[in-house]
1. Roughly how far apart, in whole Å, are the Cα centres of the stretch B:71-132 and the stretch B:254-325?
2. Which of B:343, B:312, B:332 sits closest to the plus end of the dipole of the stretch B:301-352, meaning its Cα is farthest towards the positive end, when Lys and Arg get +1 and Asp and Glu get -1 on the C-beta?
3. Explain nothing, just the number: dipole magnitude of chain B about its Cα centre with +1 on each Lys and Arg Cβ and -1 on each Asp and Glu Cβ, in debye rounded to the nearest 20.
4. Considering only the protein assembly as shown, what is the antiparallel percent among its DSSP beta bridges, to the nearest 5?
5. Under the classification rounded if a/c is under 1.5, otherwise prolate if a/b is larger than b/c and oblate if not, where does chain A fall, given a ≥ b ≥ c as square roots of the Cα gyration tensor eigenvalues?
6. Please compute the average number of Cβ atoms from other chains found within 10 Å of each residue's Cβ in peptide A:91-104.
7. Could you list, in their original order, any pairs among A:53/A:144; B:221/B:272; A:144/A:208; B:120/B:272 whose Cα atoms are separated by more than 30 Å?
8. Quick one: if the Förster radius is 22 Å, what FRET efficiency do residue B:292 and residue B:152 give, using the C-beta to C-beta distance and rounding to 0.05?
Amino acid sequence: MSYALEVRNLRARIGDLEILTGVDLTVPFGEVHAVMGPNGSGKSTLSHVLMGKSDYNVEGDAFIDGVDLSGMTVDQRARAGLFEAFQYPIEVPGVSLDLLTTAMAESNPEDPGFGGRIAATSERLSMEPFRSRALNVGLSGGEKKRSEMYLLGVANPKVAILDEIDSGLDIDAVREVAAMVEALRSEDLGVVIITHYSRILRYMSVDKVHVMVAGKIVRSGGPEIAEELEGSGYTEYQVAAAG
Amino acid sequence: MPPTLTGSNDAAWMAKKRTAALELLPTLAMPSEREENWRYLDLSFDPDLDSAPSTPGVASSDAIVAGWHGTVVTIVDGFIVTDGVQSIGERNEETVSVDGDDLFSTAFVAYAPGTAYLGKELLTQPVFVDIQSTSTATTFPGVHVDVAPGSDATVVVRMSSNSDQPAVTVPRVTANVGDNARLTLSIIQDWNYATRAIGRCTIRLGRDSGLAFSEIGLGGKVGRLHLDVDYIGDGSHAKIYGAYFGEGNQTLDYRYFMNHIGTNTRADMFLKGAVADTALSVFTGMIRIEETGQRTESFETNRNLILSEGAAAQSVPNLEILNNDVKCGHGSSIGPLDEDQRYYLMSRGLTPEHADRLQVHGFFEEVVEQIPDEHVAAWARERINNKYIVAQQEGRV
Ligand SMILES: Nc1ncnc2c1ncn2[C@@H]1O[C@H](COP(=O)(O)OP(=O)(O)OP(=O)(O)O)[C@@H](O)[C@H]1O
Ligand SMILES: [Mg+2]
């Protein structure tokens, strides 16, 4: 049986700057993993590199459900089952959420489930008033995150990478996002939550926590690591990485 | 009432003006590209101004006209062919100044068979002015909108060709918006790609009046529109929108002049364009605030997408401010489709082609949604999007 996500010795450079220095990460189906790490350690870069953004020189391997992502374009990776919830969702003026979800359905003609998921996720997240608005334009920070979660529900991926989906949210919204991730948890999905706060992890269960420093995973373990980091910070790991 | 011979219905004042224009014409030269006003146009063509046809060709109808909920006024080859629509030249007084100030506008006075007068009676309903050209001869279609004080009017002017033959056309749209009146005016320029259109539009705004103006530029080998909005009345205000899409070897030349004369006037100008192949678009925006124009607020923005390597856009926002108590701003941009938007849309599973189509759609949507009729807006949206889709399919963008 293959893993939802398998990353082996993934490296990414921009020019001479090596941002990912050898990431290894395995997320089985049915599990939710958290990736934590200091600012600039490469967490967003990891999600962009997996998504296939063209800015980087990439080496190493990544698989979604056993399918090798190398050589695949961004849209091919999305259709292969990878979903990235953006830390900073991009504004697309004049393109409504409805227009995008319609286009998503058209892009996946062999998946008849879009209509049902649009209706159900819209209902669940009370998206009705937002669906005719332009993508991320004029949305509050929290509304942008909700919009990303809505698209995740519509896309129904095999792997979801949620990049700081809890940043800038009020307590209730954090709970709501946590509940939604819990609800998504299934044997057909692996989730990676990139976060700075153990707060969200209080409202949902994670199977593993990974610590990312200087472009690689330096420690993996159970949810207790998150609490530990809350007290100790990353200094110890950063010193080790620099050493 | 069959269309009559040009000039035969002229009131005395109009006959005089026509004669004067005819006398003046031989002394006027084709403008030169050395003049600032004409610098972006290739003027090396014969405008053949005295070739105006003596009768209109046969009008055709399409879905957009058939589906219009309101009045339709049809003008074919410059002739008003809809019964009961007066020409301004038939009226007893000069409702609006018809004087020309260059070769083309003087030729308009001399040769235009009539300028459709849209007054109180016609404007009780939205009016669609269907301007068609069937001729290779030079035509002079004209419309004047006279919005009575305190009233509301909606007018869509669509200009198109019934053939793919080359022609020159000199369309002219004028409007007077009375005190406290509102005008929503859309001009859709959809000439064939062999037609040179040298268009003029002049709008005068009364006290506390409002204008919502939009222009959609699709066709024309040359599509030029020189717009003057005169904010004469205190408190007059306008939103000016434009969208244009040039391809092939089209030149789309927009000269938009906001002339602030009264106090407390406000203008928001917002034009968006795309060019493909070797097309050229030009936006020359001028905010001119007279000494009398105290507390004017006036803004102009022009955004351009360059879709092919050989295409070019010029964006020239100008300000001429003769008093201090004003707020003004201008911005312009020229560049390719946005990489981040493409990445974001592709990350949702859309092919790059599909992502770009959405981005182009969205780019123009802010303007297209200003068209006052949902039907016409849907039609314009589809026309613009189709231009892009076909260019994509043919590998031109
Ligand atoms: N396009 C780029 N050009 C140059 N440097 C980049 C680029 N993208 C990322 N970097 C650098 O790579 C490093 C990692 O950035 P990344 O955004 O992945 O960090 P992060 O772990 O997500 O940080 P944060 O917690 O602040 O979101 C940073 O030092 C960043 O400046
Ligand atoms: Mg980040």
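1. The distance from the Cα centre of the stretch B:71-132 to that of the stretch B:254-325 comes to 28 Å.
2. Result: B:343.
3. Rounded to the nearest 20 debye, it is 180 debye.
4. 15 percent
5. Details: a/c = 1.63, a/b = 1.34, b/c = 1.22.
Here chain A falls in the prolate category.
6. 6
7. Working: A:53/A:144 21 Å; B:221/B:272 19 Å; A:144/A:208 27 Å; B:120/B:272 33 Å.
B:120/B:272, as the Cα separations exceed 30 Å there.
8. 0.20
Just so you know, all these numbers are worked out from the coordinates, no wet-lab data involved. Since the model is a prediction, treat every value here as computed from it, not as a measurement. With ideal geometry, Cβ positions are generated from the backbone for all residues, glycine too; neighbour counts draw on all protein chains shown.
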